[in-house]
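In what follows, a structure is listed as structure tokens, so that the remarks can point back to it.
The values are calculated or read from the model by the stated rules, or taken from the named source; none is laboratory data. Nothing here was measured: the structure is a model prediction, and the numbers come from that model. Counting neighbours? That spans all protein chains shown, and the Cβs are built from the backbone with ideal geometry, glycine included.
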Amino acid sequence: MEIFELGNFQTTTGFTLPNAKLAYDTFGTLNTAKDNAVLFPNFLGGTPEALAMWIGADRPLDPRKYFIILPGLFGGGFSSSPSNTPPPFDGGAFPPLNIADDVIAQHRLISERLSIDELQLALGWSVGAIQAYEWAIRFPNMVKRLASIAGAPRPSTWTKLWLHTVFEEPITSDPAWNDGFCADPKAVQAPLRHAAHEMAMTLVPHRLYRDELWRSAGFASVDDFISGIFESFTRPQDPGNLVSVARKARAADPSAGGDLAAALSRITAKTFVFAFTGDPMFPAEECKMDADRISHAKYREINSIGGHLATFAVFDEDKRAVDDAIHEALAS
């Protein structure tokens with residue numbers, strides 16, 4: 001992992017974040033023409049490894065062909081975050097940020113450090129897709145292709161409620177939270193386990209449990225599945241970082257409170273909107289509405305086992321479906 005020093009970074013929320021840092025990984029080699037770059041921003045709570053698993057020889061994201069950039073999120077624990085920023089913006093004093101701040105910082109990385117002025121593809125899922133949309137709207141001349149997979153330009157009311165109820169509320173109501181100044185982040189384990197169980201109930205189709213589809217992924221029981229997937233995702237997280245990114249995702253809006261349709265009309269990239277069946281976070285019918293607002297966007301609904309969990313590649317069928325979606329976007 002590399003660090004891009006942003007200096008004193010002025011946020012869109014009215015703060016100056018001193019000595020701000022953007023963490024990122026790259027795979028592959030930037031060619032001489034600098035026209036083989038792919039941007040793949042992360043999702044809420046995502047680690048670099050969670051995206052790197054989609055990159056490999058003979059995969060759609062083949063590092064022998066593409067130069068793939070994986071930028072970290074502000075608040076994600078690798079870039080500037082509540083957990084690693086010194087006073088006066090440490091812990092609970094970390095400033096509120098917008099997705100636009102992530103994208104502006106990523107643009108600086110790509111234009112200043114990497115000297116790239118064209119992205120073959122900006123793609124992502126969930127909060128990563130929100131960033132990809134922001135890129136295509138804010139910097140339309142740089143993005144040739146856009147792929148939103150299980151995402152949206154801004155979260156729906158249901159998704160905002162989910163982010164507050166599942167992540168933010170259990171953590172911030174725990175006495176150990178201490179307004180974001182936890183003496184020991186490990187003391188906030190109970191709400192992180194609670195969040196894992198809420199995720200298990202709300203992010204996957206009912207049939208995954210009814211038909212015991214978790215068995216095909218090698219789990220011995222429902223409890224084993226929940227522990228191996230959801231608790232293993234939430235329990236290592238820093239609670240302050242999770243709250244920071246959840247709040248940022250709730251506030252995401254590329255129209256900045258204006259007309260979303262007008263904002264989406266600025267997109268000139270070849271746009272692909274992929275939705276998973278059984279995904280309550282970004283339901284297929286809502287993704288279709290987003291696609292209909294973008295000129296010449298292509299929409300496709302993907303049958304999935306995992307619903308919103310499909311991008312975790314727990315099930316082989318979902319993994320192949322995501323690879324096919326990425327291939328479709330790059331081959332256009």
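List the pairs whose first member sits in the stretch 208-229 and is under 19 Å from T311 (Cβ atoms), whose second member is of a type in the set (V, I, T) and surrounded by 19 or more Cβ atoms within 10 Å (Cβ to Cβ), and whose Cβ atoms are under 7 Å apart, counting only residues at least 6 apart or on separate chains?
Filtered contacts from the stretch 208-229: L208/I305; L213/I305; A217/V314; I229/V314.
Restricting attention to the stretch 115-134, does a residue exist that is under 29 Å from P280 (Cα atoms), of a type in the set (D, E, K, R) and either modelled with pLDDT of 95 or more or in contact with a His (Cβ under 7 Å, 6 or more places away or on another chain) (or both)? It would help to see each step written out before you state the result.
Going through the stretch 115-134, the residues under 29 Å from P280 (Cα atoms) turn out to be 121-134.
From what is left, the residues that are of a type in the set (D, E, K, R) are 134.
The next check asks that each one be either modelled with pLDDT of 95 or more or in contact with a His (Cβ under 7 Å, 6 or more places away or on another chain) (or both); those that pass are 134.
Yes, the stretch 115-134 contains at least one residue that is under 29 Å from P280 (Cα atoms), of a type in the set (D, E, K, R) and either modelled with pLDDT of 95 or more or in contact with a His (Cβ under 7 Å, 6 or more places away or on another chain) (or both).
Within the stretch 39-67, which residues are of a type in the set (A, V, I, L, M, F, W, C) and within 23 Å of L309 (Cα to Cα)?
Residues of the stretch 39-67 that are of a type in the set (A, V, I, L, M, F, W, C), as a first pass: 39-40, 43-44, 50-55, 57, 61, 67.
Across the stretch 39-67, the qualifying residues are L39, F40, F43, L44, A50, L51, A52, M53, W54, I55, L61.
Which residue is nearest to the chain's Cα centre (by Cα), if the candidates are limited to the stretch 133-175 and must be within 29 Å of D35 (Cα to Cα) and of a type in the set (S, T, N, Q)?
Once the filter is applied, the top-ranked residue is S148.
Hey, any hits in the stretch 224-240 for a residue that's farther than 24 Å from M53 by Cβ and surrounded by 15 or more Cβ atoms within 10 Å (Cβ to Cβ)? Quick ask: steps written out before the conclusion?
Of the stretch 224-240, the ones farther than 24 Å from M53 by Cβ are 239-240.
Going one step further and asking which of them are surrounded by 15 or more Cβ atoms within 10 Å (Cβ to Cβ), we end up with 239-240.
Yes, the stretch 224-240 has at least one match.
Taking the condition of being within 23 Å of D259 (Cα to Cα) and either assigned to a strand (DSSP E or B) or among the aliphatic types (A, V, I, L, M) (or both), how many residues in the stretch 276-297 meet it? It would help to see each step written out before you state the result.
So in the stretch 276-297, the residues within 23 Å of D259 (Cα to Cα) come out as 281-297.
Filter once more, so that each one left must be either assigned to a strand (DSSP E or B) or among the aliphatic types (A, V, I, L, M) (or both): 281, 284, 289, 291, 294, 297.
Qualifying residue count for the region: 6.
Looking at the structure I just gave you, is P191 within 21 Å of the chain's Cα centre (by Cα) and either among the small types (G, A, S) or surrounded by 16 or more Cβ atoms within 10 Å (Cβ to Cβ) (or both)?
On the way: within 21 Å of the chain's Cα centre (by Cα): no; either among the small types (G, A, S) or surrounded by 16 or more Cβ atoms within 10 Å (Cβ to Cβ) (or both): yes.
Spelling it out, it is not the case that P191 is within 21 Å of the chain's Cα centre (by Cα) and either among the small types (G, A, S) or surrounded by 16 or more Cβ atoms within 10 Å (Cβ to Cβ) (or both).
How many residues does the stretch 170-203 contain that are touching a Pro at 6+ places or on another chain (Cβ under 9 Å) and not in a helix (DSSP H, G or I)?
4
Would you pick out the residues in the stretch 73-110 that are crowded, with 23+ Cβ neighbours inside 10 Å, part of a helix (DSSP H, G or I) and not β-branched (V, I, T)?
Listed by number, the residues that qualify are D101, D102, A105, Q106.
Every residue in the stretch 241-271 that is closer than 23 Å to E168 by Cβ, outside any loop (DSSP other than H, G, I, E, B) and among the small types (G, A, S), please.
Filtering the stretch 241-271 down to residues closer than 23 Å to E168 by Cβ leaves 241-254, 256-257.
Keeping just the survivors that are outside any loop (DSSP other than H, G, I, E, B) gives 241-250.
S244, A246, A249 - these are the residues of the stretch 241-271 that are closer than 23 Å to E168 by Cβ, outside any loop (DSSP other than H, G, I, E, B) and among the small types (G, A, S).
Kindly indicate which of A275, A325, A261, A256 is within 29 Å of G77 (Cβ to Cβ) and surrounded by fewer than 18 Cβ atoms within 10 Å (Cβ to Cβ). Spell out how you get there, then give the answer.
On the way: A275 fails: surrounded by fewer than 18 Cβ atoms within 10 Å (Cβ to Cβ); A325 fails: surrounded by fewer than 18 Cβ atoms within 10 Å (Cβ to Cβ); A261 fails: within 29 Å of G77 (Cβ to Cβ).
Criteria check complete, one pass: A256.
Could you say which residue among K319, K270 is closer than 18 Å to G128 by Cα, surrounded by 15 or more Cβ atoms within 10 Å (Cβ to Cβ) and without any contact (Cβ under 8 Å) to a residue 60 or more places away in the chain?
Values: K270 fails: without any contact (Cβ under 8 Å) to a residue 60 or more places away in the chain.
Among K319, K270, only K319 is closer than 18 Å to G128 by Cα, surrounded by 15 or more Cβ atoms within 10 Å (Cβ to Cβ) and without any contact (Cβ under 8 Å) to a residue 60 or more places away in the chain.
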